[in-house]
Amino acid sequence: MYKYKVSILGTGFIGLCSAVCFADKDIKVIASTHNEKKAAQINDGIAPFYEKGLQEIMDRLKKTKLNIFECVTDPLKAILETDISMITQGTPMRKDKSIDLSFIESTAKEIGEALKKKEHYHLVVVRSTVVPGTTRGLVAKIITDVSGKKPGEDYGLCMQPEFLAEGRSIEDTLHPDRIVIGQFDEKSGSMLQEFYEYFYGVHLKNCPILRMNLESAELVKYGNNCLLSTKISFANEFANLAQLVPNVDVVEVMKGVGLDYRINPRFLGAGVGFGGSCFHKDVNAIKAWSKSKGYTSRLLEAVLEINDDQAIKIVDLAEELVGNLKGKKISLLGLAFKPGTDDMREAASIRVIDELIRRGVKNIIGYDPKANHTAKKELGDKIKYAQSIEEVLNGSECALLITEWDIFKDLTPSNFKKFMKTPNLVDGRRIYDFKDFSRSISFRAIGRKNF
Ligand code: UGA
């Protein structure tokens, strides 16, 4: 009845967003998670996390396409009842900052168990971010050891890296700029390409499909995230250079640089630095992987160091305004790693708070329109949490803009004057008009200095 039946092993951002998008285009999908509560919630049609557009598709599936999508807690059932299995498990960072492949390992074992019982050819696709060699050396090895089946004969094997950004996962799934297929052999790659040709139909017209070997595809993903992180650290390096010269503005400089058609202006936004679950994790993972192979990446080392230092730079700017920060009340506008999410993983706010505490600041208050509850889990009572802009600024002696939420963009100098004890503001994301704010309140911004 269905042309394709796909199992999605892992129900995080990548897994669930792909699952619902596939099902919405008449592909039978069985997702699998070991979390019973999460599975029940998904089967009730409720998205277990916020992602723009996700709930709407889940509502539509529930109303009009009953049975096309289900979530189970038994991965073997999911694999046995489908023809293609996609591994979408997380690959977190270990304490030593190398990659943790334990979820990939256990999922490969489950696939092996299922394939042992299966008579037909099955395609396995790794979509998690994994260091080069993992798909062939770990996933295929485990599947083969457990099932006795051979890749390229009894089952197909691909690695397809994912380029979804949080907050845009659905949009990015539906409109990719390219599809990268790492293939064990020609048959595996062709089967996955045909699947995507079916899923995207005419929308695939302007989207190149790149076929390569498994290891190259694994490295493409790291190339992407490392280059984006490098662009940000490059902009931050130039923010620090700009601050050495009176009235040079890094925003204008990066605009001038980015309009070169060979470069492009995206991800050249200077500020308090990148956060999130991917950039730190992936840059660290590939750095640790290359070191284990005997090569030290000085470039990636610098990218991470520059990024971490931006937290110190913003606190330096606050000290330029206020003097010694010890004993002062400091406000943070925004805590999440970027706007549009409540995700606090590796957020710049965490590094800024640690730096403030290191300099003896005890009275820190933060406000985030979406992430107060996740920030509380991450930061506990290191800071106080305000429920509004007015409350976070009330009686404060210096405010630091950390996350560029729209509601903060609407603030004017008079808002800061009205609520704060002394209106000192540091713009860590360059959202305020420099001239306007400098005229009205004590103001500093990353990447620009008035002398
Ligand atoms: C990132 C990539 O953009 C995705 O392509 C990739 O698939 C994903 O990681 C992943 O590996 O799963 P994400 O971490 O969701 O996506 O968020 P981004 O929008 O890329 O932002 C990351 C961080 O960079 C944020 O903290 C943001 O504030 C910061 N950033 C971004 C800057 O500091 N300056 C910029 O110019 C752009």
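Scanning segment 355-373 for residues that are touching a residue at least 12 places away in the same chain (Cβ under 8 Å), open to solvent by 30 Å² or more (accessible area, probe 1.4 Å) and in a helix (DSSP H, G or I) returns Ile357, His373.
For segment 248-261, the condition holds for at least one residue, the condition being that it is more than 16 Å from the ligand (Cβ to nearest atom), farther than 25 Å from Glu346 by Cα and surrounded by 12 or more Cβ atoms within 10 Å (Cβ to Cβ).
Phe195: more than 12 Å from the ligand (Cβ to nearest atom), open to solvent by 50 Å² or more (accessible area, probe 1.4 Å), aromatic (Phe, Trp, Tyr) and at pLDDT 95 or above, yes or no?
Spelling it out, it is not the case that Phe195 is more than 12 Å from the ligand (Cβ to nearest atom), open to solvent by 50 Å² or more (accessible area, probe 1.4 Å), aromatic (Phe, Trp, Tyr) and at pLDDT 95 or above.
When Leu219 is tested against the conditions (1) open to solvent by 50 Å² or more (accessible area, probe 1.4 Å); (2) away from the ligand (no atom under 15 Å from the Cβ); (3) of a type outside the set (D, E, K, R), the lone failure is (2). Across segment 396-414, the number of residues qualifying as open to solvent by 40 Å² or more (accessible area, probe 1.4 Å) and of a type outside the set (D, E, K, R) comes to 3. Of all residues in segment 26-50, those satisfying the criterion of being of a type in the set (A, V, I, L, M), surrounded by 18 or more Cβ atoms within 10 Å (Cβ to Cβ) and touching a strand residue (DSSP E or B) at 6+ places or on another chain (Cβ under 9 Å) are Ile27, Val29, Ile30, Ala31, Ala39, Ile42. Does Lys377 count as over 22 Å from Asp309 (Cα atoms), more than 16 Å from the ligand (Cβ to nearest atom), modelled with pLDDT under 95 and among the charged types (D, E, K, R)? No: the conditions fail for Lys377.
Contact map, segment 287-312: first residue of a type outside the set (D, E, K, R), second residue in a helix (DSSP H, G or I) and open to solvent by 70 Å² or more (accessible area, probe 1.4 Å), Cβ cut-off under 7 Å, separation 6 or more or different chains; pairs are Ile306/Glu237. Looking across segment 222-234 at every residue that is more than 9 Å from the ligand (Cβ to nearest atom) and out of contact with any helix residue (DSSP H, G or I) (no Cβ under 7 Å at 6 or more places or on another chain), the one that is most open to solvent (accessible area, probe 1.4 Å) is identified as Leu227. For segment 71-105: of the residues being open to solvent by 60 Å² or more (accessible area, probe 1.4 Å) and assigned to a helix (DSSP H, G or I), which is nearest to Val139 (Cα to Cα)? It comes out as Glu105. Put simply, of Tyr121, Tyr155 the only residue that is open to solvent by 30 Å² or more (accessible area, probe 1.4 Å), touching a Phe, Trp or Tyr at 6+ places or on another chain (Cβ under 7 Å) and closer than 16 Å to Ser7 by Cα is Tyr121. None of Tyr2, Tyr50 is within 27 Å of Asp343 (Cα to Cα), modelled with pLDDT under 95 and among the hydroxyl-bearing types (Ser, Thr, Tyr) except Tyr50.
Consider segment 267-298 and keep the residues that are near the ligand (Cβ under 7 Å from one of its atoms), part of a loop (DSSP other than H, G, I, E, B) and open to solvent by 20 Å² or more (accessible area, probe 1.4 Å). The one that is nearest to Asp354 (Cα to Cα) is Ser277. Take the conditions open to solvent by 70 Å² or more (accessible area, probe 1.4 Å) and more than 15 Å from the ligand (Cβ to nearest atom) and apply them to His175. Does it pass? No: the conditions fail for His175.
So how many residues does segment 338-354 have that are within 10 Å of the ligand (Cβ to nearest atom) and part of a loop (DSSP other than H, G, I, E, B)? So the answer is 8. Within segment 89-105, residues that are free of Cβ contacts under 8 Å to residues at least 24 places away in the same chain have Cβ atoms under 8 Å from residues that are part of a loop (DSSP other than H, G, I, E, B) and open to solvent by less than 50 Å² (accessible area, probe 1.4 Å) in these pairs: Arg94/Asp100; Asp100/Thr91; Asp100/Pro92, counting only partners at least 6 apart in sequence or on another chain.
Report whether or not Glu237 is at pLDDT 95 or above, more than 30 Å from Leu192 (Cβ to Cβ) and away from the ligand (no atom under 11 Å from the Cβ). Yes; evaluated as a whole, the condition is true for this residue. Scanning segment 428-436 turns up no residue that is over 28 Å from Pro48 (Cβ atoms), under 29 Å from the mean Cα position of the chain (by Cα) and not in a loop (DSSP other than H, G, I, E, B).
Are any of the residues in segment 16-24 open to solvent by less than 70 Å² (accessible area, probe 1.4 Å) and either within 28 Å of Gly148 (Cα to Cα) or in a loop (DSSP other than H, G, I, E, B) (or both)?
There is no residue in segment 16-24 that is open to solvent by less than 70 Å² (accessible area, probe 1.4 Å) and either within 28 Å of Gly148 (Cα to Cα) or in a loop (DSSP other than H, G, I, E, B) (or both).
A single member of Leu317, Leu321 is within 23 Å of Gln243 (Cα to Cα), open to solvent by 10 Å² or more (accessible area, probe 1.4 Å) and assigned to a helix (DSSP H, G or I), and it is Leu321.
The values are calculated or read from the model by the stated rules, or taken from the named source; none is laboratory data. Predicted model, so just to flag it, every value in this text is computed and none were measured. Counting neighbours? That spans all protein chains shown, and the Cβs are built from the backbone with ideal geometry, glycine included. Note: accessible area is taken over every heavy atom of the protein model, side chains too, but ligands, DNA and RNA are not part of it. Shrake-Rupley method; radii C 1.70, N 1.55, O 1.52, S 1.80 Å.
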